[in-house]
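Here is the structure we will look at, set down as structure tokens.
The values are calculated or read from the model by the stated rules, or taken from the named source; none is laboratory data. Not measured: the values here are computed from a predicted model. With ideal geometry, Cβ positions are generated from the backbone for all residues, glycine too; neighbour counts draw on all protein chains shown. The area values use the complete protein model at the heavy-atom level, side chains included, leaving out ligands, DNA and RNA. Shrake-Rupley method; radii C 1.70, N 1.55, O 1.52, S 1.80 Å.
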Amino acid sequence: MATLLLLPGDGIGPEVTAQARRVAERLSATAGLDVTLAEARFGGAAIDADGVPLTQATLAAARAADAVLMGAVGGPQWAGQPYDKRPEAGLLALRAGMGVFANLRPARTFAALAAASTLKPEVVAGLDILFVRELTGGVYFGEPRGISGEGDARRGVNTHLYTAAEIRRVARVAFDLARGRSRRVASADKANVMEAGLLWREEVQALRDAEYPDVALTHILADNCAMQLVRAPTQFDIILTDNLFGDILSDQAAMLTGSLGMLPSAALGAGGPGLYEPIHGSAPDIAGRGVANPCAAILSLAMALRYSLRRPDLAVRVEGAVEAALDAGARTRDLGGTLTTAAMGEAVLAGL
Ligand code: IPM
Ligand code: MG
């Protein structure tokens with residue numbers, strides 16, 4: 001039996017993961033999903049209860065699980081804390097501790113939501129981009145880092161650093177995935193101003209030439225990529241990029257689809273459990289009101305079924321149920337509707 005560890009976290013995290021849990025429970029009861037559900041405190045909730053955002057016990061449970069489904073972390077009540085005492089630090093420690101270096105962030109439009117995008121429907125119709133974001137390196141983790149000095153000499157330092165091995169292992173994930181799609185990868189960097197970006201470009205190209213001659217690789221500067229994403233987003237299939245650019249560009253691409261509330265993600269390492277998260281944040285402004293869209297959390301569960309729980313058939317079913325709910329007109333507030341979080345979960349269950 002597989003174990004799925006739920007880390008509801010903060011803000012709307014508990015509300016949306018509760019709906020993903022209902023879907024998992026339904027699949028266990030009716031579709032032969034052989035999974036035990038466990039739950040642990042994480043993020044701000046863990047800071048309040050345990051003093052740290054990620055306890056050793058929770059990290060151990062995550063590493064021992066087959067898949068981890070995280071809700072969201074963070075909120076204004078913890079924002080004034082030093083970095084290591086913030087909910088976000090727990091998420092970075094979880095990603096690093098689980099060794100999940102490849103973050104898959106699909107951005108695709110649902111036909112029923114084409115009009116929900118701020119871009120013209122004809123610009124986003126058929127959008128199906130898969131970001132492969134490096135997740136455990138770069139400026140998020142590089143040393144040295146910190147704030148030091150006094151007065152005008154106060155310095156804030158972060159280090160953007162990549163090794164060839166870190167670049168190659170995430171590029172390999174992108175190329176392997178490309179073989180199951182259209183065999184096209186665009187790699188985004190700032191090789192024109194950053195040495196680490198130049199190394200990124202050289203290593204990605206070298207791996208492609210040596211092992212993936214069947215995959216078409218293009219390099220694009222990250223700023224141009226941002227511009228192309230709003231100009232003509234359907235030109236992209238897989239976009240491979242580093243931790244920081246991936247953070248920014250994937251939010252941008254997510255919004256092309258109409259709502260951040262629809263998009264799931266998977267973080268994978270070399271074997272071991274995957275970490276699944278909706279890419280929306282904790283949304284403190286609507287937390288606790290039962291109006292958040294649970295679809296991203298439910299679709300993250302679908303990714304867990306596909307990549308960690310070895311039930312791609314059920315992943316397809318869950319994705320189909322979300323699509324059916326949308327086609328039937330089910331809409332939470334972010335999508336211009338009035339359904340509550342629970343009612344949206346209900347609509348998805350009805351389509352299962
Ligand atoms: C994301 C989030 C995180 C990140 C934050 C919460 C640390 O924005 O998953 O995109 O920057 O990676
Ligand atoms: Mg982000």
Which residues, counting only those in the range 209-224, are out of contact with any helix residue (DSSP H, G or I) (no Cβ under 6 Å at 6 or more places or on another chain), closer than 30 Å to Ala125 by Cα, of a type outside the set (A, V, I, L, M) and in contact (Cβ under 8 Å) with a residue 12 or more places away in the chain? Asp214, Thr218, Asp223
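What residue, among those in the range 131-141 that are of a type outside the set (Ser, Thr, Tyr) and open to solvent by 10 Å² or more (accessible area, probe 1.4 Å), is farthest from Ala232 (Cα to Cα)? Show your work before the answer.
Taking the range 131-141 first, the residues of a type outside the set (Ser, Thr, Tyr) are 131-135, 137-139, 141.
Adding the requirement that they be open to solvent by 10 Å² or more (accessible area, probe 1.4 Å) leaves 139, 141.
Values: Val139: 29, Phe141: 33 Å.
Per the stated criteria, the residue is Phe141.
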Which of the following residues is of a type in the set (Asp, Glu) and open to solvent by 60 Å² or more (accessible area, probe 1.4 Å): Glu211, Glu203? Glu211
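Table: residues versus (1) among the hydrophobic types (A, V, I, L, M, F, W, C); (2) within 14 Å of ligand 2 (Cβ to nearest atom); (3) buried (at least 23 other Cβ atoms within 10 Å of the Cβ); (4) not assigned by TED's automatic domain parsing to the domain that holds Arg179.
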site: Leu221; (1), (2), (3), (4): yes, no, no, no
site: Arg231; (1), (2), (3), (4): no, no, no, no
site: Thr234; (1), (2), (3), (4): no, no, no, no
site: Ile238; (1), (2), (3), (4): yes, no, yes, no
site: Phe245; (1), (2), (3), (4): yes, yes, yes, no
site: Ile248; (1), (2), (3), (4): yes, yes, no, no
site: Leu268; (1), (2), (3), (4): yes, no, yes, yes
site: Ser282; (1), (2), (3), (4): no, yes, yes, yes
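Every residue, every condition in (1) assigned by TED's automatic domain parsing to the domain that holds Ala60; (2) over 27 Å from Thr257 (Cβ atoms); (3) not acidic (Asp, Glu), yes or no:
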residue	(1), (2), (3)
Ala72	yes, no, yes
Trp78	yes, yes, yes
Val100	yes, no, yes
Val132	no, no, yes
Arg145	no, yes, yes
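What number of residues within the range 236-261 are aliphatic (A, V, I, L, M), away from ligand 1 (no atom under 15 Å from the Cβ) and either over 16 Å from Asn224 (Cα atoms) or part of a loop (DSSP other than H, G, I, E, B) (or both)?
To start, the set of residues in the range 236-261 that are aliphatic (A, V, I, L, M) comprises 238-240, 244, 248-249, 253-256, 260.
From what's left, away from ligand 1 (no atom under 15 Å from the Cβ): 238, 240, 256.
The next check asks that each one be either over 16 Å from Asn224 (Cα atoms) or part of a loop (DSSP other than H, G, I, E, B) (or both); those that pass are 256.
Here the count works out to 1.
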Residues (in contact with a Gly (Cβ under 7 Å, 6 or more places away or on another chain), crowded, with 23+ Cβ neighbours inside 10 Å and farther than 29 Å from Glu323 by Cβ) located in the range 66-109: Gly74, Pro87, Gly90
Residues being in contact (Cβ under 8 Å) with a residue 24 or more places away in the chain and either among the acidic types (Asp, Glu) or open to solvent by 60 Å² or more (accessible area, probe 1.4 Å) (or both): count how many of those fall in the range 164-194. 10
Where the second residue is near ligand 1 (Cβ under 9 Å from one of its atoms) and open to solvent by less than 10 Å² (accessible area, probe 1.4 Å) and the first is part of a loop (DSSP other than H, G, I, E, B) and lies in the range 267-280, which pairs have Cβ atoms under 6 Å and are six or more apart or on separate chains? Glu277/Ser265; Ile279/Ser265
Taking the options Arg306, Arg289, Arg331, name whichever one is among the basic types (Lys, Arg), under 21 Å from Ala31 (Cβ atoms) and modelled with pLDDT of 95 or more. Arg306
Looking only at the range 306-352, count how many residues are within 20 Å of the chain's Cα centre (by Cα) and open to solvent by 70 Å² or more (accessible area, probe 1.4 Å). 4
